[in-house]
Amino acid sequence: MPDMKPQVYKDDRPASYFDQFHDAARRGAGWTYTFVRIIVSLPTLLIYRVRAIGRENVPKDGPLILAPNHFSQMDHFFIGLFLRRKIRFMAKSQIFGPPVLTYVFKHGGVFPVRRGHHDEEAFKTAFMLLAQGEMLLIYAEGGRSRSGRLREPKAGIGRLALESGAPVVPVAIHGSASVRRWKRFTFPKVTVQFGEPLSFPVESAPGRERQLEAAQEIFDRVRELYAGLEAKQASHQLNEA
């Protein structure tokens, strides 16, 4: 496995720095989202031979939460390739800073969750977007897995699902764990599978245990989808041997 930069789990920049991104996200995702999508779609499809399963499970309108696993920084693009609706991303605050990328994030509807802090502003933005009928993506594991294996879900996605009542579509992304480890221009083949939506009755103030319970129910579906894709790949490799 190639050397990777150590993870920074706390962002010490003041919360006020991130207000601009929350304000922009609440106003909507503009032409920047569409422009970036046009630029990256064809190269991504060709290089990673991405295919999608179950796109019909994603409602065409109304508030929605996408709950994928997360292995690569390319996962955002792998999912967005196949959905006409604009995806609103909750992303770790550390990616905000470099001028060009920060411009794209700010005007593309991405909003930060401040790592290492109890960031209520991130949840406030998330709930506002869902109330506006937007489609929100939040990585169930709370961050990228660097081990190549699925991790445990965090409570945050359970809280969003329970307090908003928005349907949740579990998403399995298979193959992206090898994006960083390509060799001699041999890139991994990536499959994205959208599961059937899950719904939870609205709970105004669920405790942390209840949030984790809902998060686990959501991620159990992601695990099932991922295991199915893993089995298909193993069978395919066996047939080719």
TODO: Select, from GLY62, GLY109, GLY97, the only residue that is in a loop (DSSP other than H, G, I, E, B), at pLDDT 95 or above and over 28 Å from GLN233 (Cα atoms).
DONE: GLY62
Open item on the list: If LEU238 meets every condition in (1) assigned to a helix (DSSP H, G or I); (2) open to solvent by less than 30 Å² (accessible area, probe 1.4 Å); (3) not acidic (Asp, Glu) apart from one, which number is that one?
Closed with: (2)
TODO: Answer yes if at least one residue in the range 162-172 is in contact with a Ser or Thr (Cβ under 6 Å, 6 or more places away or on another chain), under 27 Å from GLY108 (Cα atoms), modelled with pLDDT under 95 and not polar (S, T, N, Q), and no otherwise.
DONE: no
Open item on the list: Return the pair list, or none, for Cβ contacts closer than 6 Å from residues in the range 184-200 that are at pLDDT 85 or above to residues that are surrounded by 13 or more Cβ atoms within 10 Å (Cβ to Cβ) and of a type in the set (Phe, Trp, Tyr), at least 6 apart or on different chains.
Closed with: VAL190/TYR48; VAL190/PHE78; VAL192/PHE78
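One line per residue, one yes/no per condition, for (1) in a helix (DSSP H, G or I); (2) of a type in the set (Val, Ile, Thr); (3) out of contact with any Cys (no Cβ under 7 Å at 6 or more places or on another chain); (4) open to solvent by 10 Å² or more (accessible area, probe 1.4 Å):
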{"residue": "TYR139", "(1), (2), (3), (4)": "no, no, yes, yes"}
{"residue": "SER145", "(1), (2), (3), (4)": "no, no, yes, no"}
{"residue": "PRO153", "(1), (2), (3), (4)": "no, no, yes, yes"}
{"residue": "ILE157", "(1), (2), (3), (4)": "yes, yes, yes, no"}
{"residue": "SER178", "(1), (2), (3), (4)": "yes, no, yes, yes"}
{"residue": "GLN193", "(1), (2), (3), (4)": "no, no, yes, yes"}
{"residue": "GLU217", "(1), (2), (3), (4)": "yes, no, yes, yes"}
{"residue": "ARG221", "(1), (2), (3), (4)": "yes, no, yes, yes"}
Open item on the list: Here are the criteria: (1) open to solvent by 40 Å² or more (accessible area, probe 1.4 Å); (2) in a helix (DSSP H, G or I). Tell me which single one LYS10 does not satisfy.
Closed with: (2)
TODO: Please specify each residue of the range 32-65 satisfying the condition of being within 23 Å of THR102 (Cβ to Cβ), in contact (Cβ under 8 Å) with a residue 60 or more places away in the chain and either surrounded by fewer than 15 Cβ atoms within 10 Å (Cβ to Cβ) or of a type outside the set (Ser, Thr, Tyr) (or both).
DONE: VAL36
- [ ] Give ALA52, ALA67, ALA91 a once-over and let me know the one that is farther than 23 Å from PHE123 by Cα and small (Gly, Ala, Ser).
- [x] ALA52
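The values are calculated or read from the model by the stated rules, or taken from the named source; none is laboratory data. In this text, all values refer to a predicted model and were calculated from it rather than measured experimentally. In this analysis, Cβ positions are derived from the backbone assuming ideal geometry, glycine residues included, and neighbour counts consider all displayed protein chains. Surface accessibility is based on the protein's heavy atoms, side chains included, excluding ligands, DNA and RNA. Shrake-Rupley method; radii C 1.70, N 1.55, O 1.52, S 1.80 Å.
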